[in-house]
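This report refers to the structure that appears directly beneath it.
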Amino acid sequence: MEGGNKVIVTPHRHAGVFMIAKGRDCTILTKNLVPGKAVYNEERHSVQNEYGTEVEYRVWDPFRSDLASAVIGGADNIWIKPGAKVLYLGAASGTTVSHVSDIAGPEGCVYAVEISEKSGRELVNMAKTRPNVTPIFEDARNPAKYKMLVSMVDVICADLAQPDEAMILAHNPSFFLKMGGHFLLIINVSNNTSRPLIQIK
Ligand SMILES: C[S@@+](CC[C@H](N)C(=O)[O-])C[C@H]1O[C@@H](n2cnc3c(N)ncnc32)[C@H](O)[C@@H]1O
């Protein structure tokens, strides 16, 4: 797909993710579920598809989103794809959640759990324009408290930045993860220079 300024957007190997490749550089993008609206002041590109329809993409910044850096870093599979139902633990203000919402698209959904009131307020504002995002103000350690809001999901993603985040994540699958589903755990390494994504099936 080509934009007026000759931007060429092509599908990435991860379904629902797109890219602009320039030499050895690769920018990743998601198709904006809410065209005309940025979430964190990210760059947007409008391009015409083969039918002449304008499609808007949002740049997915790997410096703002660990999941984006995992995609750029060559993660084998993020399991999140169009139509996926995702439970996202540690949503913060919704930067990464907004891209997961783009990828899941109108057929999928994202249940976004956040404990902090301040981040939670921004998350709620973001979700007002995104019908496939359900913000949940709770401690991910207590899934029983939000089980009435969440259906069974294909993927659980945890980005909690807590020393016991694996344990927090482990409280959730028995409530919400479909048989054959997957979970992703984003962990901080001690020197904080890179944050690899660990995938556990
Ligand atoms: C590294 S930030 C998440 C960044 C976010 N995933 C993104 O990429 O936009 C970690 C978040 O987890 C939240 N958090 C920590 N412990 C939590 C818990 N027990 N339940 C829910 N959220 C928690 C923090 O308040 C913080 O907003």
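The values are calculated or read from the model by the stated rules, or taken from the named source; none is laboratory data. Values in this document were obtained by computation on a predicted structure and should not be read as measured data. FYI the Cβ positions are ideal-geometry reconstructions off the backbone, even for glycines, and counts take in every protein chain you see.
Tyr57 satisfies every condition listed in (1) under 30 Å from Arg141 (Cβ atoms); (2) among the aromatic types (Phe, Trp, Tyr); (3) over 13 Å from the mean Cα position of the chain (by Cα) except (1). Annotation: of all residues in the stretch 52-64 being in a loop (DSSP other than H, G, I, E, B) and either more than 13 Å from the ligand (Cβ to nearest atom) or closer than 16 Å to Arg130 by Cβ (or both), the one that is modelled with the highest pLDDT is Trp60.
Looking only at residues of the stretch 79-105 that are of a type in the set (Ser, Thr, Tyr) and touching a Lys or Arg at 6+ places or on another chain (Cβ under 6 Å), we find that the one that is farthest from the ligand (Cβ to nearest atom) is Ser101. Could you figure out which of (1) of a type in the set (Lys, Arg); (2) in contact (Cβ under 8 Å) with a residue 24 or more places away in the chain; (3) outside any strand (DSSP E or B) isn't true of Arg13? (2) is the only condition that Arg13 fails. Can you pull out the residues in the stretch 92-112 that are surrounded by 24 or more Cβ atoms within 10 Å (Cβ to Cβ) and either assigned to a loop (DSSP other than H, G, I, E, B) or acidic (Asp, Glu) (or both)? The answer is Gly94, Asp102. What tally of residues in the stretch 143-161 results from selecting those that are touching a residue at least 12 places away in the same chain (Cβ under 8 Å), within 15 Å of the ligand (Cβ to nearest atom) and over 21 Å from Ile186 (Cα atoms)? Looking only at that region, the number is 5.
One residue stands out in the stretch 106-120 among those that are charged (D, E, K, R) and within 12 Å of the ligand (Cβ to nearest atom): the one that is farthest from Phe175 (Cα to Cα), namely Lys118.
When Arg64, Arg121 are screened for being under 27 Å from Val47 (Cβ atoms) and either surrounded by fewer than 23 Cβ atoms within 10 Å (Cβ to Cβ) or under 11 Å from the mean Cα position of the chain (by Cα) (or both), only Arg64 passes.
Taking (1) part of a loop (DSSP other than H, G, I, E, B); (2) surrounded by fewer than 18 Cβ atoms within 10 Å (Cβ to Cβ) in turn, Arg130 satisfies each apart from (2). Scanning the stretch 162-191 for residues being under 26 Å from Pro62 (Cβ atoms), in a helix (DSSP H, G or I) and without any contact (Cβ under 8 Å) to a residue 40 or more places away in the chain gives a total of 1. Suppose the filter is modelled with pLDDT of 95 or more and part of a helix (DSSP H, G or I); does Leu87 pass it? In short, no.
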